[in-house]
Amino acid sequence: MQVIKFFILFLILITSSLIGKNIAKKYSNRLKELEDMSNALNIFKSKIVFTYSPIPEIFDEISSKIKGNIGLVFKNAKEKMAIETAEAAWEKAVEEVSSNLNKEDKYTIKTLAKLLGQTDAEGQVCQIEITKKFLDEQIKDAVEQKQKNEKLYSKLGVTIGLTIIIILV
């Protein structure tokens, strides 16, 4: 009987620790996704400037180079451009992909859609640069939040698990 009790207490500690680690990992994942988006925008900008490729082709290439949720955003946007405007396709793709980005991040990324496919290459490059500036601010915020909260939630999970164990014992 004691063995079962200790096993259950051990499972409580492990479970609460894993929950804390998963919450903490969201901060790292958000930062990685923002950095991936920044890299994707750099690729997008250079493709527009140097190759004059159509946006769907550029999005297809970016989706093959950038893995994860950000690659899916570009892939979905490319697929939606077959039936919708570039602006609508981009906004829907950003909203539909499940990611660790918060509302402010998504809003910043959606600002790219304002002139997407509606102006010449120079206008689109300007819009990419504006979006990238806003994105850099979001990256700074994500770094601060990661530093502040990652350790907190990891330790909080263990602490809550130990508290439950103490209460149950």
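For the reader, a short list of remarks on this structure follows.
- P(r) of the stretch 61-136 over all Cα-Cα pairs, binned every 10 Å from zero, in whole percent: 20, 53, 26, 0
- Taking N as the residue count of the chain, its C-alpha radius of gyration divided by 2.2 N^0.38 Å amounts to 1.38.
- Nearest-20 debye value, the chain charge dipole, Cβ charges on Lys, Arg, Asp, Glu: 920
- Per-residue ellipticity at 222 nm from helix content only, as computed over the chain with -39500 (n - 2.57) for each DSSP H run of at least four residues, stands at -29000 deg cm²/dmol.
- Among residues other than LYS155 with Cβ under 13 Å from its Cβ, the summed charge is +2 (Lys and Arg +1, Asp and Glu -1).
- Summing +1 for each Lys or Arg and -1 for each Asp or Glu among the other residues whose beta-carbon sits under 12 angstrom from that of ILE19 gives +3.
- All other residues whose Cβ lies under 11 angstrom from that of LYS103 are scored, Lys and Arg at +1 and Asp and Glu at -1, for a net of -1.
- Semi-axes of the equivalent ellipsoid for the stretch 1-64, Cα gyration tensor, largest first, Å: 49, 11, 5
- Cα-based reach from LYS146 at 27 Å (exclusive), listing lysines while leaving out same-chain residues under 8 positions away: LYS21, LYS25, LYS26, LYS32, LYS65, LYS67, LYS103, LYS106, LYS110, LYS132, LYS133, LYS155
Each value in this text was obtained by applying a stated rule to the coordinates, not by laboratory testing. As the structure is a prediction and not an experimental result, all values here were calculated from the model. Neighbour counts are summed over all protein chains in view; Cβ atoms, including those assigned to glycine, are modelled from backbone coordinates with ideal geometry.
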